[in-house]
Amino acid sequence: MNKIKGLEKRNPVLLLTIEGMDNQSKLDSDDLSTLFVVFGEIEEDGIEIVQHSKAIVKFKHLVNAFIARHQLNGRYIRNINATVLVDW
């Protein structure tokens, strides 16, 4: 199996920052679950809203977190009307 350099040292946890959300909107764990579950299994209670526009998503498998980060980082997400920044 080919390994992606540096990936084997990471945890399957993504840190999200939502840009462009107005103060009236509320980040919802159900919305985030719908957005991220298409990339793979998320840990039970694996989505945590940390602040108004920040959250943590914990995947069961590192490769799923890697793909989600690659696909979603910097993307505008219509159902939350904001841009998602995704990092480790």
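The values are calculated or read from the model by the stated rules, or taken from the named source; none is laboratory data. Everything quoted here is computed from the prediction, not taken from an experiment. Neighbour counts run over all protein chains shown; Cβ positions are idealised from the backbone, glycine included.
Does the range 9-47 hold any residues that are of a type in the set (Asp, Glu) and under 22 Å from residue 70 (Cβ atoms), and which are they? Across the range 9-47, the qualifying residues are 19, 31, 41, 43.
When the range 10-31 is filtered for residues that are within 19 Å of residue 73 (Cβ to Cβ) and either without any contact (Cβ under 8 Å) to a residue 40 or more places away in the chain or part of a strand (DSSP E or B) (or both), the ones remaining, listed by number, are 13, 14, 15, 16, 17, 18, 19. When the range 37-88 is filtered for residues that are assigned to a loop (DSSP other than H, G, I, E, B) and not acidic (Asp, Glu), the ones remaining, listed by number, are 40, 52, 53, 60, 61, 73, 74, 81, 88. Just one of (1) over 15 Å from residue 19 (Cα atoms); (2) touching a Ser or Thr at 6+ places or on another chain (Cβ under 6 Å) fails for residue 39. It is (2). May I ask you to verify whether residue 35 is among the aliphatic types (A, V, I, L, M), at pLDDT 95 or above and surrounded by 12 or more Cβ atoms within 10 Å (Cβ to Cβ)? No: the conditions fail for residue 35. From the residues in the range 51-88 that are basic (Lys, Arg) and surrounded by fewer than 15 Cβ atoms within 10 Å (Cβ to Cβ), which one is farthest from the chain's Cα centre (by Cα)? The qualifying residue farthest from the chain's Cα centre (by Cα) is 78.
The single residue among 64, 73 that is in contact with a helix residue (DSSP H, G or I) (Cβ under 6 Å, 6 or more places away or on another chain), at negative phi and modelled with pLDDT of 95 or more turns out to be 64.
Within the range 20-29, is even one residue modelled with pLDDT of 95 or more and either surrounded by 14 or more Cβ atoms within 10 Å (Cβ to Cβ) or out of contact with any strand residue (DSSP E or B) (no Cβ under 6 Å at 6 or more places or on another chain) (or both)? Checking the range 20-29: not a single residue is modelled with pLDDT of 95 or more and either surrounded by 14 or more Cβ atoms within 10 Å (Cβ to Cβ) or out of contact with any strand residue (DSSP E or B) (no Cβ under 6 Å at 6 or more places or on another chain) (or both).
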